[in-house]
Amino acid sequence: MSHLMNTYGRQPIAFTHGEGAWLFDEAGNKYLDALSGIAVSTLGHNHPRLVDAIARQAGAVIHTSNLYRIPLQEQLADRLAACSGMDEVFFANSGCEANEAAIKLARLYGHRRGVDKPAVVVMEQSFHGRTLATLSATGNRKVQVGFEPLVSGFVRVPFNDLDALGKVAMNCPSVVAVLFEPIQGEGGINVADVDYMRAVRELCDRHDWLMMLDEVQCGIARTGKWFGFQHADILPDVMTLAKGLGSGVPVAACLAAGRATGTLQPGNHGSTFGGNPLACAAALATLEVIDSDGLMARAEILGERIRSSFAAALDGVSGIRSIRGKGLMIGIELDRACGALVDRAREAGMLINVTADRVIRLLPPLTFADSDADQLVGRLAPLVREMLEA
Ligand SMILES: *Cc1c(COP(=O)(O)O)cnc(C)c1O
């Protein structure tokens, strides 16, 4: 019997090492990684500059705690502020923790303005994590069931629906913030309209609400811009980051700007590990490589190439609902459940994911080569076709 707590239905495979977009299993077989450990391995595997930065930092100092200044954390905060336009950063270790910080910030912001029981508007099909507050914010009953009582103080509306949000503004005076993903990841690669994002910004300004964006999955250059909100030319008040930030080393961030700045003060929040020197070195190296290697532009071009190649390869196949996404955050929605494709793809040497039952989710590393993209489409499209024509 395994001593692992049974929280995951794991695939029967383990990897010994990786190189670029390829992972190698214990039997020496190789797999094209079109998932990046769920949008985490931004730079692929064994990237020399990342490995070097981590090894050097490990040899200098790994951890000191937030009881002392951490110069690398200050540098990383400066760097994130520069590429986002946000003002200040709190470092955590995972997406749910970054979102916990955002939710706490919103509540404190509300209390400071005399709102007794501040509420946060959240969306259907959203995913914000597995802690009690973030699973309560998540718009998926499967994530919540069995963990009641849920954390209160969330008001749920349909995604991308401005009228629904307008009604909340009329009827719920305790609302102090709106939290959503510019592109819903777990929910099936659902892209928020640019007009919706801009209208939410205006609504938040009008009602003194915080616009809080969960960019844990879509942030860090994956969509062809540093952050999803930049497609709409707006600035949120709060943004959370995690997955791709450290290319596999756990590091997360909650950023504040404008009227959210200065809300969290000493004693309000903290983290023992958050932003330790090792994590910050990995994140700084990730951001540097994205910049110096032009990976943002690359994500956009390659994403287009992959989407249009799939569209061509699957042209005329009935059962394809849509091929969507931005940059290297790609969803192919079918008219039926397609979880079985994960096994078939793996057997054909590809690592992919299916989410929301019927959406094939592709999140390749930003270092994916053109030849990797062509192999992915060349091998996966026939499997999709086969499944739909069976
Ligand atoms: C993965 C994810 C989270 C949770 O991150 P963890 O690191 O697993 O806690 C939160 N929000 C979004 C949008 C995510 O994709």
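A few comments on the model shown:
- Translational diffusion of segment 72-164, µm² s⁻¹ [Kirkwood Rh, Cα pairs; Stokes-Einstein; 20 °C; 1.002 mPa s]: 144
- Separation between Cα centres of segment 200-244 and segment 347-370, rounded to whole Å: 24
- Converting phi to 3J(HN,Hα) with the Karplus coefficients 6.51, -1.76 and 1.60 and the offset θ = phi - 60°, segment 359-369 yields 10, 6, 10, 10, 9, x, x, 6, 8, 3, 8 Hz in sequence order, with x at every glycine or proline.
- Sequence-distant residues sharing a close amide H with E124 (under 5 Å, placed H): V157, F159
- Anisotropy class of segment 17-135 from Cα gyration tensor, a/c 1.5 cut: oblate
- Prolate/oblate/rounded label for segment 135-195 (Cα gyration tensor, a/c 1.5): oblate
- Taking C83, C204, C218, C254 and counting other C-beta atoms within 10 Å, the order from fewest to most: C83, C204, C254, C218
- Share antiparallel - DSSP beta bridges, the chain, percent rounded to 5: 65
- Put simply, the convex hull of the Cα atoms in segment 266-363 casts, on average, a shadow of 10.0 nm².
- Segment 252-266 and segment 282-317 have Cα centres spaced 31 Å apart.
- For K326, K243, order by how many other beta-carbon atoms lie within 10 Å, fewest first: K326, K243
- Estimated [θ] at 222 nm from DSSP helical runs (n ≥ 4, -39500 (n - 2.57)) normalised by residues in the chain, nearest 500: -11500 deg cm²/dmol
- Given in Å, the Rg to one decimal and the Dmax to the nearest whole number for the Cα atoms of segment 80-131 are 13.1, 35.
- Exposure proxy shown here: for W209, W22, the number of other Cβ atoms within 10 Å sets the order, fewest to most, as W22, W209.
- Helix runs (DSSP H) in the chain reaching 24 Å along axis by Cα, Kyte-Doolittle at least 0.0: 295-313
- Hydrodynamic analysis of segment 1-52 uses the Kirkwood radius over alpha carbon pairs. Inserted into Stokes-Einstein at 10 °C and 1.306 mPa s, it gives a translational diffusion coefficient of 126 µm²/s.
- Shape call, segment 121-228: gyration tensor on alpha carbons, a/c limit 1.5: oblate
- Here segment 164-322 carries DSSP beta bridges of which approximately 45% are antiparallel, counting only pairs with both residues inside.
- Lysines whose Cα lies under 19 Å from that of K326, excluding same-chain neighbours fewer than 8 positions away: K225, K243
- Cα-based convex hull volume of segment 224-302 per residue, rounded to whole Å³: 105
- Note on segment 178-243: Cα-Cα pairs beyond 14 Å make up 52% of the total pair count.
- Remark on the chain: hydrodynamic radius 21.6 angstrom, per the Kirkwood mean of 1/r across alpha carbon pairs.
- Less than 5 angstrom separates the built amide H of V354 from those of R361, all sequence-distant by 5 or more or on a different chain.
Each reported figure results from applying straightforward, stated rules to the coordinates on display, with no laboratory input. Because the structure is predicted, anything quoted here is derived from the model rather than measured. Glycine gets a Cβ as well: all are built from the backbone with ideal geometry, and neighbour counts include every protein chain shown.
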